[in-house]
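Taking it in order: structure first as C-alpha coordinates, then the write-up.
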Amino acid sequence: MSTTTAEPVATYSGAAGAAKFAGWDSRKYNYYQPKGRKATHYEDMTLDVQPDPKRYLLQDWIISFGDGTPTYAEKWTAAQASDWHLFRSVDEEWERTHYQRQSTIVGMISQAVENGRRAGAPARVDKTWVKVLERHLGAYKHAEFGLGTALMHAQRYGYTQMINTTILTNSSYKLRFAQDLTLFLGDIGLDIAGFDAEVGKKHWLEDPIWQPTRQLVETIGGATDYLEKYFAINIVFEPMLGELFRSGFLMQAAAAQNDFLTPTVVSAAEGDYQRNLANTVELLHMLVSDPVHSAHNVALLGRWLADYGDMAVHAARNLQPIWSLPHVKVAQFDDAYASAVERIRSIASQLGLPLPASLSAS
(Lines give C-alpha, C1' and ligand atoms only; values in the text may rest on other atoms or scores of the structure.)
Protein backbone atom coordinates (compact mmCIF):
# COMPACT_ATOMS: atom_id res chain seq x y z
CA MET A 1 0.00 0.00 0.00
CA SER A 2 1.36 3.39 -0.94
CA THR A 3 2.08 5.75 1.91
CA THR A 4 2.30 8.89 -0.31
CA THR A 5 0.21 11.74 1.12
CA ALA A 6 -2.11 13.48 -1.41
CA GLU A 7 -2.06 17.26 -1.80
CA PRO A 8 -4.91 18.97 0.03
CA VAL A 9 -7.88 19.43 -2.27
CA ALA A 10 -8.14 23.13 -1.34
CA THR A 11 -4.79 23.84 -3.02
CA TYR A 12 -6.23 23.25 -6.48
CA SER A 13 -9.91 23.88 -5.82
CA GLY A 14 -11.85 26.75 -7.35
CA ALA A 15 -14.64 26.38 -4.83
CA ALA A 16 -15.70 29.39 -2.79
CA GLY A 17 -13.78 29.52 0.44
CA ALA A 18 -11.16 27.00 -0.69
CA ALA A 19 -8.41 29.62 -0.61
CA LYS A 20 -7.83 32.29 1.97
CA PHE A 21 -6.41 35.61 0.81
CA ALA A 22 -5.96 39.07 2.24
CA GLY A 23 -9.34 40.36 3.36
CA TRP A 24 -11.14 37.11 2.48
CA ASP A 25 -13.36 37.35 5.56
CA SER A 26 -14.19 41.04 5.20
CA ARG A 27 -17.74 42.17 4.53
CA LYS A 28 -16.41 45.24 2.71
CA TYR A 29 -15.18 45.51 -0.88
CA ASN A 30 -11.42 45.93 -0.86
CA TYR A 31 -10.41 45.41 -4.47
CA TYR A 32 -10.11 49.11 -5.22
CA GLN A 33 -8.33 52.12 -3.79
CA PRO A 34 -10.86 54.42 -2.09
CA LYS A 35 -10.55 58.16 -2.50
CA GLY A 36 -10.45 58.76 1.25
CA ARG A 37 -9.10 56.76 4.16
CA LYS A 38 -12.04 54.38 4.04
CA ALA A 39 -14.29 53.23 1.24
CA THR A 40 -17.72 54.85 1.22
CA HIS A 41 -21.05 53.18 0.56
CA TYR A 42 -21.25 55.22 -2.64
CA GLU A 43 -17.94 53.76 -3.87
CA ASP A 44 -19.00 50.22 -2.96
CA MET A 45 -22.24 50.60 -4.90
CA THR A 46 -20.83 52.38 -7.96
CA LEU A 47 -17.15 51.73 -8.61
CA ASP A 48 -16.41 48.96 -11.12
CA VAL A 49 -20.04 47.94 -11.54
CA GLN A 50 -19.18 47.80 -15.22
CA PRO A 51 -16.03 45.80 -16.06
CA ASP A 52 -12.92 47.17 -17.72
CA PRO A 53 -10.20 45.08 -19.38
CA LYS A 54 -7.63 47.52 -18.02
CA ARG A 55 -8.59 46.49 -14.49
CA TYR A 56 -10.11 43.05 -14.11
CA LEU A 57 -11.16 41.47 -17.40
CA LEU A 58 -8.52 39.04 -18.66
CA GLN A 59 -10.30 38.23 -21.93
CA ASP A 60 -10.98 41.80 -23.15
CA TRP A 61 -14.54 43.08 -23.52
CA ILE A 62 -17.10 40.29 -23.48
CA ILE A 63 -19.48 42.06 -25.90
CA SER A 64 -18.67 44.39 -28.79
CA PHE A 65 -20.65 46.20 -31.47
CA GLY A 66 -20.64 44.93 -35.06
CA ASP A 67 -17.84 47.27 -36.11
CA GLY A 68 -15.59 46.03 -33.32
CA THR A 69 -16.25 48.94 -30.94
CA PRO A 70 -16.28 47.54 -27.39
CA THR A 71 -19.16 47.87 -24.95
CA TYR A 72 -17.56 51.04 -23.57
CA ALA A 73 -14.94 52.99 -25.50
CA GLU A 74 -12.65 55.80 -24.42
CA LYS A 75 -12.92 57.28 -27.93
CA TRP A 76 -16.53 58.34 -27.27
CA THR A 77 -15.12 61.64 -26.04
CA ALA A 78 -12.28 63.74 -27.39
CA ALA A 79 -11.09 64.27 -23.81
CA GLN A 80 -8.32 61.97 -22.59
CA ALA A 81 -7.48 60.60 -19.16
CA SER A 82 -4.70 58.46 -17.75
CA ASP A 83 -7.26 56.73 -15.52
CA TRP A 84 -10.98 57.45 -15.88
CA HIS A 85 -11.68 55.45 -12.72
CA LEU A 86 -10.17 58.13 -10.50
CA PHE A 87 -13.34 60.21 -10.70
CA ARG A 88 -15.71 60.30 -7.73
CA SER A 89 -18.77 62.55 -7.64
CA VAL A 90 -18.78 65.22 -4.96
CA ASP A 91 -22.36 64.51 -3.86
CA GLU A 92 -21.67 60.74 -3.75
CA GLU A 93 -25.14 60.03 -5.08
CA TRP A 94 -26.16 56.55 -6.10
CA GLU A 95 -29.46 54.85 -6.77
CA ARG A 96 -31.03 54.79 -3.30
CA THR A 97 -29.92 58.26 -2.23
CA HIS A 98 -31.03 59.67 -5.57
CA TYR A 99 -34.54 58.31 -5.26
CA GLN A 100 -34.74 59.60 -1.71
CA ARG A 101 -33.73 63.11 -2.67
CA GLN A 102 -36.02 63.24 -5.69
CA SER A 103 -38.94 62.05 -3.58
CA THR A 104 -38.23 64.71 -0.96
CA ILE A 105 -38.18 67.49 -3.58
CA VAL A 106 -41.39 66.34 -5.25
CA GLY A 107 -43.11 66.12 -1.86
CA MET A 108 -41.94 69.61 -0.88
CA ILE A 109 -43.18 71.18 -4.12
CA SER A 110 -46.49 69.31 -4.06
CA GLN A 111 -47.22 70.36 -0.49
CA ALA A 112 -46.29 74.00 -1.14
CA VAL A 113 -48.50 74.23 -4.23
CA GLU A 114 -51.36 72.42 -2.52
CA ASN A 115 -51.23 74.74 0.49
CA GLY A 116 -51.01 77.81 -1.76
CA ARG A 117 -54.00 76.76 -3.81
CA ARG A 118 -56.00 76.02 -0.67
CA ALA A 119 -55.32 79.58 0.47
CA GLY A 120 -56.35 81.01 -2.91
CA ALA A 121 -52.86 82.27 -3.80
CA PRO A 122 -52.98 81.76 -7.60
CA ALA A 123 -56.05 84.01 -7.98
CA ARG A 124 -54.21 86.91 -6.32
CA VAL A 125 -51.24 86.89 -8.73
CA ASP A 126 -50.84 90.03 -10.87
CA LYS A 127 -52.60 89.48 -14.22
CA THR A 128 -49.62 90.65 -16.26
CA TRP A 129 -47.39 88.23 -14.38
CA VAL A 130 -49.81 85.42 -15.19
CA LYS A 131 -49.04 86.03 -18.87
CA VAL A 132 -45.31 85.86 -18.11
CA LEU A 133 -45.78 82.48 -16.45
CA GLU A 134 -47.93 81.16 -19.28
CA ARG A 135 -45.64 82.23 -22.09
CA HIS A 136 -42.12 82.33 -20.74
CA LEU A 137 -41.98 79.90 -17.83
CA GLY A 138 -44.04 77.66 -20.10
CA ALA A 139 -41.41 78.07 -22.80
CA TYR A 140 -38.46 77.54 -20.48
CA LYS A 141 -39.68 74.13 -19.32
CA HIS A 142 -38.93 72.87 -22.85
CA ALA A 143 -35.29 73.91 -22.43
CA GLU A 144 -35.06 71.86 -19.25
CA PHE A 145 -36.61 68.85 -20.97
CA GLY A 146 -34.26 69.17 -23.94
CA LEU A 147 -31.20 69.29 -21.72
CA GLY A 148 -32.47 66.36 -19.69
CA THR A 149 -32.82 64.20 -22.78
CA ALA A 150 -29.36 65.27 -23.99
CA LEU A 151 -27.87 64.11 -20.70
CA MET A 152 -29.86 60.88 -20.87
CA HIS A 153 -28.09 60.12 -24.14
CA ALA A 154 -24.71 61.24 -22.80
CA GLN A 155 -24.74 59.01 -19.73
CA ARG A 156 -24.74 55.83 -21.81
CA TYR A 157 -21.34 56.67 -23.28
CA GLY A 158 -19.41 57.48 -20.12
CA TYR A 159 -16.45 55.16 -19.75
CA THR A 160 -16.98 54.33 -16.07
CA GLN A 161 -20.02 53.69 -13.93
CA MET A 162 -18.97 56.59 -11.69
CA ILE A 163 -19.24 59.01 -14.63
CA ASN A 164 -22.41 57.38 -15.96
CA THR A 165 -24.17 57.62 -12.60
CA THR A 166 -23.26 61.28 -12.18
CA ILE A 167 -24.51 62.28 -15.63
CA LEU A 168 -27.63 60.16 -15.21
CA THR A 169 -28.62 61.79 -11.92
CA ASN A 170 -28.06 65.17 -13.62
CA SER A 171 -30.44 64.08 -16.37
CA SER A 172 -33.00 62.92 -13.85
CA TYR A 173 -32.97 66.30 -12.09
CA LYS A 174 -33.55 68.10 -15.38
CA LEU A 175 -36.43 65.86 -16.42
CA ARG A 176 -37.99 66.09 -12.96
CA PHE A 177 -37.81 69.91 -13.04
CA ALA A 178 -39.44 70.02 -16.48
CA GLN A 179 -42.19 67.89 -15.00
CA ASP A 180 -42.35 70.13 -11.90
CA LEU A 181 -43.01 73.15 -14.13
CA THR A 182 -45.59 71.33 -16.24
CA LEU A 183 -47.55 70.17 -13.19
CA PHE A 184 -47.20 73.55 -11.48
CA LEU A 185 -48.57 75.50 -14.43
CA GLY A 186 -51.39 73.00 -14.83
CA ASP A 187 -52.30 73.21 -11.13
CA ILE A 188 -52.39 76.99 -10.80
CA GLY A 189 -54.18 77.19 -14.13
CA LEU A 190 -57.16 75.49 -12.49
CA ASP A 191 -57.55 78.53 -10.21
CA ILE A 192 -56.94 81.31 -12.76
CA ALA A 193 -59.68 82.06 -15.26
CA GLY A 194 -58.54 81.76 -18.88
CA PHE A 195 -55.08 80.40 -18.00
CA ASP A 196 -53.43 78.75 -21.02
CA ALA A 197 -50.95 76.10 -19.85
CA GLU A 198 -50.13 75.09 -23.44
CA VAL A 199 -49.13 78.44 -24.95
CA GLY A 200 -45.56 78.06 -23.68
CA LYS A 201 -44.84 75.47 -26.37
CA LYS A 202 -45.86 77.93 -29.08
CA HIS A 203 -43.50 80.55 -27.65
CA TRP A 204 -40.69 78.00 -27.43
CA LEU A 205 -41.13 77.10 -31.09
CA GLU A 206 -41.98 80.50 -32.56
CA ASP A 207 -41.27 83.46 -30.25
CA PRO A 208 -38.11 85.27 -31.50
CA ILE A 209 -37.10 85.86 -27.87
CA TRP A 210 -36.55 82.14 -27.32
CA GLN A 211 -35.13 81.01 -30.66
CA PRO A 212 -31.40 81.51 -29.86
CA THR A 213 -31.94 79.57 -26.60
CA ARG A 214 -33.73 76.85 -28.49
CA GLN A 215 -30.89 76.74 -31.03
CA LEU A 216 -28.36 76.32 -28.23
CA VAL A 217 -30.35 73.52 -26.59
CA GLU A 218 -30.76 71.68 -29.89
CA THR A 219 -27.07 72.14 -30.72
CA ILE A 220 -26.11 70.62 -27.39
CA GLY A 221 -28.51 67.75 -27.99
CA GLY A 222 -26.98 67.10 -31.41
CA ALA A 223 -23.41 66.80 -30.12
CA THR A 224 -21.96 63.29 -30.35
CA ASP A 225 -19.31 63.69 -27.63
CA TYR A 226 -20.89 62.88 -24.27
CA LEU A 227 -18.50 65.06 -22.26
CA GLU A 228 -19.08 67.94 -24.66
CA LYS A 229 -22.78 67.77 -23.78
CA TYR A 230 -22.06 67.58 -20.06
CA PHE A 231 -19.64 70.52 -20.31
CA ALA A 232 -21.94 72.69 -22.44
CA ILE A 233 -24.89 72.23 -20.09
CA ASN A 234 -23.27 72.76 -16.70
CA ILE A 235 -20.39 75.08 -17.53
CA VAL A 236 -22.09 77.27 -20.15
CA PHE A 237 -25.88 76.96 -20.39
CA GLU A 238 -26.66 76.83 -16.69
CA PRO A 239 -24.83 79.99 -15.54
CA MET A 240 -25.53 82.01 -18.69
CA LEU A 241 -29.17 81.07 -19.26
CA GLY A 242 -30.51 78.73 -16.58
CA GLU A 243 -29.53 80.76 -13.53
CA LEU A 244 -30.01 83.99 -15.48
CA PHE A 245 -33.71 83.23 -16.02
CA ARG A 246 -34.42 81.31 -12.82
CA SER A 247 -32.49 83.35 -10.23
CA GLY A 248 -31.99 86.58 -12.13
CA PHE A 249 -35.63 86.96 -13.10
CA LEU A 250 -38.24 84.57 -11.71
CA MET A 251 -37.01 84.33 -8.12
CA GLN A 252 -36.39 88.08 -7.88
CA ALA A 253 -39.49 89.39 -9.62
CA ALA A 254 -42.19 86.92 -8.54
CA ALA A 255 -42.88 88.15 -5.00
CA ALA A 256 -43.45 91.73 -6.18
CA GLN A 257 -46.20 90.36 -8.46
CA ASN A 258 -47.87 88.67 -5.47
CA ASP A 259 -46.55 85.28 -6.61
CA PHE A 260 -44.95 83.32 -3.79
CA LEU A 261 -45.33 79.84 -5.28
CA THR A 262 -43.09 80.10 -8.36
CA PRO A 263 -39.91 80.81 -6.35
CA THR A 264 -40.60 77.71 -4.25
CA VAL A 265 -40.82 75.52 -7.32
CA VAL A 266 -37.84 77.09 -9.05
CA SER A 267 -35.62 76.97 -5.95
CA ALA A 268 -35.40 73.18 -6.30
CA ALA A 269 -33.65 73.56 -9.65
CA GLU A 270 -31.13 75.97 -8.14
CA GLY A 271 -30.26 73.37 -5.53
CA ASP A 272 -29.96 70.71 -8.24
CA TYR A 273 -27.49 72.84 -10.16
CA GLN A 274 -25.20 73.37 -7.19
CA ARG A 275 -24.75 69.60 -6.95
CA ASN A 276 -24.40 69.11 -10.69
CA LEU A 277 -21.86 71.91 -11.00
CA ALA A 278 -19.72 70.54 -8.19
CA ASN A 279 -19.66 67.12 -9.85
CA THR A 280 -18.86 68.59 -13.26
CA VAL A 281 -16.00 70.71 -11.97
CA GLU A 282 -14.58 67.69 -10.13
CA LEU A 283 -14.52 65.63 -13.33
CA LEU A 284 -13.13 68.41 -15.50
CA HIS A 285 -10.49 69.30 -12.91
CA MET A 286 -9.31 65.69 -13.07
CA LEU A 287 -8.91 66.09 -16.83
CA VAL A 288 -7.13 69.45 -16.84
CA SER A 289 -4.81 68.16 -14.09
CA ASP A 290 -4.04 64.86 -15.81
CA PRO A 291 -0.28 64.21 -15.65
CA VAL A 292 -0.16 63.14 -19.32
CA HIS A 293 -3.12 64.74 -21.10
CA SER A 294 -3.53 68.07 -19.32
CA ALA A 295 -2.52 70.31 -22.25
CA HIS A 296 -4.78 68.45 -24.66
CA ASN A 297 -7.77 68.70 -22.33
CA VAL A 298 -7.25 72.37 -21.54
CA ALA A 299 -7.20 73.19 -25.25
CA LEU A 300 -10.28 71.04 -25.90
CA LEU A 301 -12.34 72.56 -23.08
CA GLY A 302 -11.25 76.01 -24.18
CA ARG A 303 -12.66 75.37 -27.65
CA TRP A 304 -15.94 74.12 -26.21
CA LEU A 305 -16.16 77.16 -23.96
CA ALA A 306 -15.63 79.49 -26.91
CA ASP A 307 -18.11 77.73 -29.20
CA TYR A 308 -20.93 77.40 -26.71
CA GLY A 309 -20.08 80.64 -24.93
CA ASP A 310 -20.66 82.66 -28.10
CA MET A 311 -24.07 81.04 -28.58
CA ALA A 312 -24.99 81.53 -24.92
CA VAL A 313 -24.14 85.24 -24.99
CA HIS A 314 -26.42 85.76 -27.99
CA ALA A 315 -29.22 83.71 -26.40
CA ALA A 316 -28.96 85.49 -23.04
CA ARG A 317 -29.09 88.97 -24.53
CA ASN A 318 -32.07 87.94 -26.61
CA LEU A 319 -34.06 87.26 -23.42
CA GLN A 320 -33.72 90.86 -22.23
CA PRO A 321 -37.29 91.94 -23.23
CA ILE A 322 -38.75 89.54 -20.66
CA TRP A 323 -37.37 91.68 -17.82
CA SER A 324 -39.53 94.61 -18.95
CA LEU A 325 -42.82 92.69 -18.85
CA PRO A 326 -43.82 92.73 -15.12
CA HIS A 327 -45.79 95.69 -13.75
CA VAL A 328 -43.42 95.99 -10.80
CA LYS A 329 -39.88 95.94 -12.14
CA VAL A 330 -37.69 94.90 -9.23
CA ALA A 331 -35.21 92.89 -11.35
CA GLN A 332 -32.92 94.47 -13.94
CA PHE A 333 -31.55 92.51 -16.88
CA ASP A 334 -28.14 94.21 -16.79
CA ASP A 335 -27.63 93.17 -13.17
CA ALA A 336 -28.72 89.59 -13.86
CA TYR A 337 -26.51 89.35 -16.94
CA ALA A 338 -23.48 90.74 -15.08
CA SER A 339 -23.98 88.12 -12.37
CA ALA A 340 -24.20 85.39 -15.01
CA VAL A 341 -20.93 86.48 -16.63
CA GLU A 342 -19.20 86.65 -13.25
CA ARG A 343 -20.49 83.19 -12.45
CA ILE A 344 -19.09 81.62 -15.60
CA ARG A 345 -15.84 83.55 -15.14
CA SER A 346 -15.47 82.04 -11.67
CA ILE A 347 -16.14 78.52 -12.98
CA ALA A 348 -13.64 78.94 -15.82
CA SER A 349 -11.05 80.23 -13.37
CA GLN A 350 -11.38 77.08 -11.25
CA LEU A 351 -10.56 75.02 -14.33
CA GLY A 352 -7.82 77.30 -15.62
CA LEU A 353 -9.70 78.08 -18.82
CA PRO A 354 -9.53 81.49 -20.54
CA LEU A 355 -12.84 83.19 -21.25
CA PRO A 356 -13.69 83.61 -24.94
CA ALA A 357 -13.78 87.14 -26.36
CA SER A 358 -17.59 87.26 -26.32
CA LEU A 359 -17.63 86.80 -22.54
CA SER A 360 -14.48 88.77 -21.74
CA ALA A 361 -15.99 91.83 -23.39
CA SER A 362 -19.27 91.51 -21.44
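The values are calculated or read from the model by the stated rules, or taken from the named source; none is laboratory data. Since the model is a prediction, treat every value here as computed from it, not as a measurement. Backbone-built Cβ (ideal geometry, glycine too); neighbour counts: all protein chains shown. Areas reflect the complete protein model, heavy atoms only, side chains present, ligands, DNA and RNA absent. Shrake-Rupley method; radii C 1.70, N 1.55, O 1.52, S 1.80 Å.
Data overview
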{"read-out": "Sites H314 and K127, calculated FRET efficiency, Cβ-Cβ separation with R0 35 Å, nearest 0.05", "value": "0.65"}
{"read-out": "Given charges at beta-carbon only (K, R positive; D, E negative), |dipole| of the chain in Debye", "value": "440 debye"}
{"read-out": "Charge dipole (the chain, unit charges on Cβ, about Cα centre) - positive-most of Q211, H136, N258", "value": "N258"}
{"read-out": "GluC sites (Glu not before Pro) within region 100-200: DSSP coil, no more than 13 neighbouring Cβ in 10 Å", "value": "E198"}
{"read-out": "Using a Förster distance of 45 Å, the FRET efficiency for A256-D25 (Cβ separation, nearest 0.05)", "value": "0.10"}
{"read-out": "Largest to smallest accessible area among M286, M108 [probe 1.4 Å]", "value": "M108, M286"}
{"read-out": "Cβ-derived FRET efficiency at R0 30 Å, K329 paired with D191, nearest 0.05", "value": "0.70"}
{"read-out": "Computed [θ] at 222 nm, helices only, for the chain once each DSSP H run of length n ≥ 4 contributes -39500 (n - 2.57)", "value": "-17000 deg cm²/dmol"}
{"read-out": "Listed values (i) 17.2; (ii) 20.1; (iii) 25.1, entry calculated as mean projected area of the Cα convex hull in nm²", "value": "(iii)"}
{"read-out": "Extension gain from N115 to T40, taking 0.36 nm per residue of separation minus the Cα-Cα distance", "value": "23.1 nm"}
{"read-out": "Under 12 Å, Cβ to Cβ, from I192 - net charge with Lys/Arg +1 and Asp/Glu -1", "value": "-2"}
{"read-out": "D290, D91, reordered so the largest accessible area comes first (probe 1.4 Å)", "value": "D91, D290"}
{"read-out": "Violating pairs (Cα-Cα greater than 22 angstrom) within the set K202/K229; K75/K229; K54/K75; K174/K229; K201/K229", "value": "K202/K229; K201/K229"}
{"read-out": "GNM flexibility winner over the chain from L325, L227, L287 (Cα, springs under 10 Å)", "value": "L325"}
{"read-out": "Point-to-point label distance, Q179-V281, nm (Cα→Cβ direction, 7 Å offset)", "value": "3.0 nm"}
{"read-out": "Zone residues, region 146-190, relative to K75, backbone N less than 13 Å from point 7 Å out along Cα-to-Cβ", "value": "none"}
